[in-house]
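Nothing in this text is a laboratory measurement; each read-out follows from the coordinates by a stated rule. Remember, it's a predicted structure, so these values are computed and weren't measured experimentally. Here Cβ is always computed from backbone atoms with ideal geometry, including for glycine, and neighbour counts include all displayed protein chains.
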Amino acid sequence: MTIYRSHLPDQPVPYMNAYSFAISNPNNTPDEYPILIDGITKQTLTFGQWRHDIRRWATALQHSLGFKRGDVLALFSFNQVDYSVTMFGPLVFAGITTTVNSAYNADELAYQLQDSGATAMVTHPELLVTARAGAKKVGLPEERIFLYGDQIVDGFRPYTSLLPPVETPESQLVKPVVLDAKECKETTALICYSSGTTGRSKGVELSHLNFAVNAAQVVACDGELKAHDNVALSVLPMYHMYSIQLHLMCGAHSGLQNIVMQKFNPEDFLKIIQDYKSKIPRTIDECSNTKGNKARALQATNTPRIILNKTTKQIVKTLNLVPPQVLMLVKSPLVAKYDLSHVRQITVGAAPCSRELIEALLEKYPAIAFRQAYGMSEASPGTHVGLYNDMVHGSAGKMLPNQEVRLVDSETGKDAAPGERGEIWIRGLNVMKGYRNNEKATKETIDSEGWLHTGDVAVVDTRGNFFVVDRLKELIKYKGFQVAPAELEAILLTHPQILDAAVIGVENKEQATEVPLAFVVKNQSSPEGKALTEEQVVEYVASKVAAHKKLRGGVRFIDLVPKSAAGKILRKDLRVLLEGPPKS
Ligand code: ATP
Ligand code: MG
């Protein structure tokens with residue numbers, strides 16, 4: 001058996017309530033430091049206000065909604081400055097939060113409400129119609145649906161209307177439940193649904209320990225996160241574990257300032273980055289947009305005010321992105337209109353990002369340090385991350401500490417020889433408790449020795465850099481050869497007239513095999529792009545790959561590659577495009 005370990009020493013294991021870990025404040029972040037700021041409205045939460053509001057929300061859940069240990073709250077919303085408050089609230093008393101993809105329709109929402117057992121929901125006014133329809137299907141009473149924001153809409157109240165007054169002393173608020181080592185392991189904190197890329201989304205049950213230890217693992221690799229002069233832009237969807245861990249947990253824990261964007265759109269994204277070069281919010285005086293907000297913030301804190309160093313420039317230096325956003329930075333003509341020269345580092349994760357795409361990005365922005373991260377909801381989610389100053393581009397990074405990894409040949413069940421491909425298996429305290437209500441899937445994913453079978457294929461180099469080749473389920477089998485869609489997509493994206501691409505395997509009945517077929521978005525704004533033909537695309541790929549990887553299934557030109565907000569190519573939607581809706 002070959003077991004890989006991190007180059008970093010193991011970290012002390014935080015056997016504690018995940019909320020208590022989040023607020024443990026190792027970097028002495030002042031209570032008045034703004035940690036969450038809406039990039040557009042400038043609504044602000046300071047560290048002290050955030051911590052206090054979580055306790056107020058925990059109190060409201062218990063006293064007004066009758067929540068007890070183990071009860072589940074659903075959040076169905078776009079990103080909000082106070083999403084984090086609503087997410088941590090139940091954890092204070094060992095209740096549970098489940099976060100719902102804001103793009104879900106009523107049926108998908110109903111499934112998650114039912115499966116997770118949620119008994120109350122906070123939603124966004126724009127999603128109220130879907131929220132009501134989903135709740136109705138599973139009998140969740142309308143009186144238990146609340147809103148973000150401060151408006152009553154159609155009789156639905158903001159969740160903040162339930163909060164005890166801001167001046168309520170901490171001693172009168174619900175106290176964080178102390179969990180011993182065993183309880184930390186066994187008590188569910190989050191039910192975070194996987195993206196549903198390879199099948200129906202599964203309810204990943206993460207314990208307090210899973211959540212907190214992964215934060216400790218990530219922070220251990222992240223010297224940069226500790227700096228109070230660093231600002232990150234939170235554009236990743238907060239319902240997804242990538243953002244929950246990186247922004248809501250590690251960000252607050254480290255005292256990093258996060259600029260929150262409700263949802264991604266290229267113009268606002270670029271504009272906010274540009275704005276945070278010159279507008280420099282540093283203290284509560286500068287950040288609060290209303291008198292009330294400022295008063296609330298000041299009352300929320302019992303410590304004397306600390307004026308932060310006014311000469312420190314707070315500018316957006318860090319972007320945590322998914323690959324479609326990197327593609328936009330490389331290929332969209334919009335980007336030229338904005339000044340991004342102050343951005344210093346970009347982390348990308350959640351889906352493959354090729355060396356070619358990264359090199360194109362760095363050619364355009366030579367001052368940016370780039371790294372890739374890898375993980376999955378089942379691992380809370382981070383397992384690998386690159387180092388900004390030592391990144392082998394195209395690699396998904398090196399192992400985080402406190403874990404063991406094997407690469408296993410899925411056909412022989414043996415550990416792959418050095419330099420050979422194998423399925424990534426992970427063991428560590430960050431590996432989930434299991435899938436909610438799905439013992440069968442849990443047993444198929446975590447074996448009796450505790451190894452999580454990730455379904456991803458990788459190779460590792462001699463320096464410990466892991467290269468994710470593709471997902472086992474997505475590999476195309478052409479006459480006994482394996483073809484990785486991600487590799488062909490990376491090649492297609494190097495074509496100057498191709499804006500985006502996705503590859504799937506289709507059946508070729510005559511030859512009784514699967515063959516790769518590409519969906520391609522061509523550059524309609526140039527004459528060469530418009531004129532691009534299927535033959536040219538097939539030839540382009542053929543000139544760069546071994547014979548078995550040619551696009552034998554042909555090419556379909558489309559306007560947009562369907563992708564989730566978490567950056568995944570929605571291959572099942574591409575199949576529907578090709579074959580029509582599945583027959584029931
Ligand atoms: P489902 O399990 O429901 O099919 P999903 O696996 O896409 O959906 P997530 O947990 O959100 O749901 O995503 C984890 C997966 O994302 C990983 O298993 C891997 O396939 C992919 N992934 C994450 N980071 C990277 C990366 N840096 N490079 C390549 N793939 C990545
Ligand atoms: Mg998965």
Of Lys202/Lys509; Lys440/Lys473; Lys136/Lys175; Lys263/Lys364; Lys433/Lys563; Lys263/Lys331, which sit over 22 Å apart, Cα to Cα? Lys202/Lys509; Lys136/Lys175; Lys263/Lys364; Lys433/Lys563
Highest-first arrangement of 247-255, 98-106, where packing means the average Cβ count within 10 Å: 247-255, 98-106
Can you compute the modelled spin-label distance between Glu439 and Glu507, with each label point 7 Å from Cα toward Cβ, in nm? 3.5
Quick check: the angle from helix 208-220's long axis to the longest principal axis of the chain, C-alpha only, nearest 10 degrees? 70
Those aspartates and glutamates that a straight Cα-Cα span of less than 13 Å connects to Lys42, excepting residues fewer than 8 apart in one chain: Asp82, Asp275, Asp285, Glu286
Sorted by packing (mean other beta-carbon atoms within 10 Å per residue), highest first, where do 515-527, 379-391 land? 379-391, 515-527
Which FRET efficiency value, to the nearest 0.05, do you get for Ser332 and Arg200 by plugging their Cβ-Cβ distance into 1/(1 + (r/R0)^6) with R0 = 25 Å? 0.15
Under 10 Å, Cβ to Cβ, from Val322 - net charge with Lys/Arg +1 and Asp/Glu -1: +2
When DSSP assigns beta bridges and you keep just the ones with both residues in the chain, what percent turn out antiparallel, to the nearest 5? 55
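With a ≥ b ≥ c the root eigenvalues of the C-alpha gyration tensor of the stretch 462-584, is it rounded (a/c under 1.5), prolate (a/b larger than b/c) or oblate?
rounded
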So for the stretch 235-274, using the alpha carbon gyration tensor with a ≥ b ≥ c as root eigenvalues (a/c under 1.5 gives rounded; past that, a/b versus b/c decides prolate or oblate), I'd call it oblate
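Assuming R0 = 41 Å, what is the FRET efficiency of Arg144 and Lys530, from their Cβ-Cβ distance, to the nearest 0.05? Write down the numbers at each step before the final one.
Details: r = 53 Å, r/R0 = 1.30.
It comes out at approximately 0.15.
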Within 10 Å, count the other beta carbons around each residue, average over each peptide in 424-435, 230-241, 151-162, and list them highest first. 230-241, 424-435, 151-162
Below 13 angstrom from the Cβ of Leu61, what's the summed charge of the other residues (Lys, Arg +1; Asp, Glu -1)? +3
Spatially proximal aspartates and glutamates relative to Lys137 (Cα-Cα < 15 Å; intrachain offsets below 8 disregarded): Asp107, Glu108, Asp115
Per DSSP helix of 4 or more residues, -39500 (n - 2.57); summed, then divided by the residues of the chain. What does that give at 222 nm, rounded to the nearest 500? -7500 deg cm²/dmol
The residues Phe264, Phe557, sorted from fewest to most surrounding Cβ atoms within 10 Å, come out as Phe557, Phe264
What is the calculated FRET efficiency for Lys277 to Asn389, with r their C-beta to C-beta distance and R₀ = 25 Å, to the nearest 0.05? 0.60
Charge tally for neighbours of Phe481 with beta carbon under 14 Å away, counting Lys, Arg as +1 and Asp, Glu as -1, is +2
Could you tell me how many degrees, from 0 to 90 and to the nearest 10, lie between the Cα long axis of helix 106-116 and the main elongation axis, the longest principal axis, of the Cα atoms of the chain? 70
Label-point separation (nm) for Lys477 and Tyr4, each offset 7 Å from Cα along Cα-to-Cβ? 2.5
Quick check: residue separation of Glu411 and Ser341 times 0.36 nm, minus the Cα distance between them. What number comes out in nm? 20.4 nm
Under the classification rounded if a/c is under 1.5, otherwise prolate if a/b is larger than b/c and oblate if not, where does the stretch 9-79 fall, given a ≥ b ≥ c as square roots of the Cα gyration tensor eigenvalues? oblate
Label point distance in nm, Val178-Leu570, each placed 7 Å from Cα along Cα→Cβ: 4.8
